[in-house]
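> The structure is given below, and queries will be raised subsequently.
The values are calculated or read from the model by the stated rules, or taken from the named source; none is laboratory data. Being a predicted model, the structure only gives us computed values, none of them experimental. Cβ sites come from the backbone with ideal geometry, for glycine too, and all protein chains shown count toward neighbours. For accessibility, only protein heavy atoms count, side chains too; no ligands or nucleic acids. Shrake-Rupley method; radii C 1.70, N 1.55, O 1.52, S 1.80 Å.
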Amino acid sequence: MGTSVQVTPLCGAYNEHPLSYLVSIDNFNFLIDCGWNDRFDEALLQPLASVASKIDAVLLSHPDTVHLGALPYAMKRLGLSAPIYSTEPVYRLGLLTMYDHYYSRQQVSDFDLFSPDDIDLAFQAITRMTFSQNYHLSGKGEGIVIASHVAGHLLGGTVWKITKDGEDVIYAVDFNHRKERHLNGTVLESFVRPAVLITDAYNALNNQLSTRQRDQKFLDSILKTLRVDGGNVLLPVDTAGRVLEIILILEQYWEQNHLSYPIFLLTYVASSTIDYAKSFLEYMSDAIGKSFEHTRDNAFLLKHVNLIVSKQELENVPSGPKVVLASMASLECGFSHDIFVEWATDGKNLVLFTERGQYGTKARMLQADPPPKAVKVTMSKRVPLAGEELRAYEEEQNRIKEAEANKAILSKAEDSKASDVGFGDPMVVDQSNAIASSDVTGPQSGGHRDILIDGFVPPATSVAPMFPFHENVSEWDDFGEVINPDDYVIKEDAMDQTYMEVGGDLDENSANLIFDSKPSKVVSEELTVQVRCSLAYMDFEGRSDGRSIKSILAHVAPLKLVLVHGSNEATDHLKEHCTKHVCPHVYAPKIGETIDATSDLCAYKVQLSERLMSNVLFKKLGDYEIAWADAELGKSIEEGMLSLLPLSTPPTPHKSVFVGDLKLADFKQFLASKGIQAEFSGGALRCGEYVTVRKVGVASQKGAVAGAQQVLIEGPLSEEYYKIRDYLYSQFYLL
């Protein structure tokens, strides 16, 4: 029996709602992603509320609301208290995303689902990891190893690999195989034959333009609006995710073509977002890393994109064509909502969506039913209290302060009385003993008796005439005083908390806005906006399209496949395709439905005997060591478990085994470094003049493993052939 695996979608199954999944591995409960939508609909979190207290660990894959937006709320109100794991960019950029959403909501409503303090407390519980780092869990999760790998969708975005007893469970949603300006493609294809693969069907029905065609169409639309129409361009964007790719596209094009039209990034955390992007170069594309190494040129030292944190700054800009990237992408609130209301009535302007709007939002409605049309919106803003309202507010605050002060005085008095009873002191006379002594020595009459003891009678409310003293007893051993490392960890956490409380993750202007405590109220107005501006949608979501998803899944060839997060049509379509071409065990559970994806493999733990180990030669392969062993199965007398023992007869010779995963693109670069010209032609790699190397699938052969491939080298026997064959052998480990 293999490792027990159960998967239960809590949100984001057979729909495009936020992502949240319960994955149980041998009764250890992982919550993978904890998403919420931009409308912060509490009804979406009901399934999570029923299991939050049972969660043992939380894994976060991307720094946007649909993957981590519910984290502060879940920890504050749902009882979620498990350790959390993410990469450093997901931690930092996710924190900024939540700040931006909170203040955008706070400006238009009395938002109370969570506060900046709740955001800080939730993110302080995150353990940050680097890509490909193996993290061994302890306690209940003993034996489980988690590792984060590149997803290619957002900066720091993660494909999670969970390993138990040699079996891998891969969680890969929102991945992108394409290399982009600021991100490398996903490494999902490097995983072959995992026990379980959990992935999404979000883009299963979509096919994309090439990157060059998409970028050119995007820039042409913007330049037409600026040059020909003389209008403004609004790009509703996320806070700290795909907006980074769009910024680089505009920045590089403006620099190459010497354009002067102003570009603005308008979010409450704009400056902090770019500052963090500058420091996360090791998580970005190889091109950005090499450019920084050779020229010390940071791609996010922006020359043409201006960072602003308030709408007032935008209004102070001289009139004329401009490009504004503003949060939120959903148009539900934030700067993009207000600018849309102002610019939508002018036919010269362009609103350019770079991602599909979340279900039920204004952005989704406009994308589904383009203008011209009339749209009802609510314009809300926060204004300072004045006059009678301000006086009434101040009186109420004074009343609350007085009530709290009185409560504190009463509490202090009760504590004082309790301390009188609890503390004894040799200088305070015990009244009961004094009365008892007088009964013995004094007259037995019932008259009044005055008792004087040393000329001092303590009052009823007396306390000890010295401060309480508590001696700190230190432990000592042969080397001196024993130091507890936890004491220093606590101090570091306290310093980190203090840093965050004063807005350590925000620039000064943003911190002043968020922590402004002047009394205010929200004023709302219902408007009908006649949408006359141009509307366009271009796919900059950074996700693999349907054709690429199918190809990648066929290459990975999991033993069992679980599909989540996608429309009914997309999920059913991908399920049908994968059942025919990927693996026979394909599941698509609904919300709250638990499916058992336990491996059918019969795996046993065995130990290698010392006699066998002394004769085995191990070779390093990545994080592992491999060897060929000829042995027979026996049973260890001491341990009572199965053991591999040396053969009693000489072993028969075996064929050479090549271990590794050859990538033709990497092999092409290797040959170029050796002075051999190589190029791709018809899906094969032509090496030199006569030799061809190709990878051929063998899944159709009888008894072959699904997804397995052979490497074929073809050409006339010559010196060139043998040289290239030797180079090809060098790409593998030979056993």
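> Only residues that are open to solvent by 10 Å² or more (accessible area, probe 1.4 Å) and outside any helix (DSSP H, G or I): list them for region 310-332, please.
Scanning region 310-332 gives Ser310, Asn316, Val317, Pro318, Ser319, Gly320, Pro321, Lys322, Ala329, Glu332.
> Tell me, yes or no, whether region 675-683 has at least one residue that is modelled with pLDDT of 80 or more and either surrounded by 12 or more Cβ atoms within 10 Å (Cβ to Cβ) or not assigned by the TED database to the domain that holds Glu714 (or both).
Checked against the condition, which is being modelled with pLDDT of 80 or more and either surrounded by 12 or more Cβ atoms within 10 Å (Cβ to Cβ) or not assigned by the TED database to the domain that holds Glu714 (or both), region 675-683 yields at least one hit.
> Looking at region 239-248, can you tell me whether even one residue there is in contact with a Gly (Cβ under 7 Å, 6 or more places away or on another chain) and among the acidic types (Asp, Glu)? Talk me through it step by step, then tell me what you get.
Pass one, region 239-248, residues in contact with a Gly (Cβ under 7 Å, 6 or more places away or on another chain): 242, 245.
With the extra rule that they be among the acidic types (Asp, Glu), the set shrinks to 245.
Yes; the residues of region 239-248 include at least one that is in contact with a Gly (Cβ under 7 Å, 6 or more places away or on another chain) and among the acidic types (Asp, Glu).
> Just to be sure before I move on: is Val192 over 25 Å from Arg128 (Cα atoms), among the hydrophobic types (A, V, I, L, M, F, W, C) and not assigned by the TED database to the domain that holds Ile247 in the structure I sent?
Against the criterion (over 25 Å from Arg128 (Cα atoms), among the hydrophobic types (A, V, I, L, M, F, W, C) and not assigned by the TED database to the domain that holds Ile247), Val192 qualifies.
> To continue, here is another question. Filter region 78-108 down to the residues that are in contact with a Leu (Cβ under 8 Å, 6 or more places away or on another chain) and either open to solvent by 10 Å² or more (accessible area, probe 1.4 Å) or outside the structural domain of Trp160 (by the TED database) (or both) and list them by number.
Scanning region 78-108 gives Leu78, Tyr85, Tyr103.
> Residues in region 643-674 that are at pLDDT below 85, farther than 23 Å from His555 by Cα and open to solvent by 60 Å² or more (accessible area, probe 1.4 Å): how many?
Of the residues in region 643-674, 10 are at pLDDT below 85, farther than 23 Å from His555 by Cα and open to solvent by 60 Å² or more (accessible area, probe 1.4 Å).
> In region 359-374, how many are closer than 16 Å to Pro236 by Cβ, outside any helix (DSSP H, G or I) and touching a Ser or Thr at 6+ places or on another chain (Cβ under 7 Å)?
Final tally of qualifying residues: 1.
> Yes or no: region 705-728 includes at least one residue that is of a type in the set (Phe, Trp, Tyr), at pLDDT 80 or above and surrounded by 15 or more Cβ atoms within 10 Å (Cβ to Cβ).
Yes, some residue in region 705-728 is of a type in the set (Phe, Trp, Tyr), at pLDDT 80 or above and surrounded by 15 or more Cβ atoms within 10 Å (Cβ to Cβ).
> Taking strands (runs of 3 or more DSSP E) that do not extend beyond region 481-585, which have at least 3 residues that are within 28 Å of Leu154 (Cβ to Cβ), under 23 Å from the mean Cα position of the chain (by Cα) and at pLDDT 85 or above?
560-564
> Now a separate question. Considering only residues that are free of Cβ contacts under 8 Å to residues at least 12 places away in the same chain and small (Gly, Ala, Ser), look in region 365-389 and name the one that is nearest to Val522 (Cα to Cα). Walk me through how you get there before you give the answer.
Within region 365-389, the first condition is being free of Cβ contacts under 8 Å to residues at least 12 places away in the same chain, and the residues that meet it are 365, 368-369, 386-388.
Keeping just the survivors that are small (Gly, Ala, Ser) gives 368, 386-387.
Values: Ala368: 31, Ala386: 13, Gly387: 16 Å.
It comes out as Ala386.
> On the basis of being more than 40 Å from the chain's Cα centre (by Cα) and either at pLDDT below 80 or outside any loop (DSSP other than H, G, I, E, B) (or both), does Ser700 make the cut?
no
> Return the residues of region 23-37 that are surrounded by fewer than 22 Cβ atoms within 10 Å (Cβ to Cβ) and not charged (D, E, K, R); say none if nothing qualifies.
Ser24, Asn27, Phe28, Asn29, Asn37 - these are the residues of region 23-37 that are surrounded by fewer than 22 Cβ atoms within 10 Å (Cβ to Cβ) and not charged (D, E, K, R).
> What do you reckon, is Asn232 surrounded by fewer than 22 Cβ atoms within 10 Å (Cβ to Cβ), of a type in the set (S, T, N, Q) and either at pLDDT 95 or above or on the phi > 0 side of the Ramachandran plot (or both)?
no
> For region 243-279, give me each residue that is open to solvent by 10 Å² or more (accessible area, probe 1.4 Å) and either free of Cβ contacts under 8 Å to residues at least 24 places away in the same chain or assigned to a loop (DSSP other than H, G, I, E, B) (or both).
Gln256, Asn257, His258, Leu259, Ser260, Tyr261, Pro262, Tyr268, Lys278, Ser279
> Residue pairs, Cβ under 8 Å, 6 or more apart or interchain, first in region 538-551 and within 19 Å of Gly357 (Cβ to Cβ), second outside any helix (DSSP H, G or I) and of a type in the set (Phe, Trp, Tyr). List them.
Listed by first residue and then by second, the contacts come to Met538/Phe353; Arg543/Phe175; Arg543/Tyr202.
> Now, a different point. Output the number of residues of region 586-603 satisfying the condition of being over 23 Å from Leu48 (Cα atoms), among the acidic types (Asp, Glu) and modelled with pLDDT of 95 or more.
Of the residues in that region, 0 qualify.
> Which condition number does Leu574 fail, the rest of (1) open to solvent by less than 50 Å² (accessible area, probe 1.4 Å); (2) in contact with a Lys or Arg (Cβ under 7 Å, 6 or more places away or on another chain) being met?
(2)
> Another one. Return the total of residues in region 49-94 being among the acidic types (Asp, Glu) and within 12 Å of Ala122 (Cα to Cα).
The total comes to 0.
> For region 280-289, enumerate the residues that are crowded, with 19+ Cβ neighbours inside 10 Å and not in a loop (DSSP other than H, G, I, E, B).
Tyr283, Ile288
> In region 99-106, is there at least one residue being under 15 Å from the mean Cα position of the chain (by Cα) and over 23 Å from Asp275 (Cβ atoms)?
There is no residue in region 99-106 that is under 15 Å from the mean Cα position of the chain (by Cα) and over 23 Å from Asp275 (Cβ atoms).
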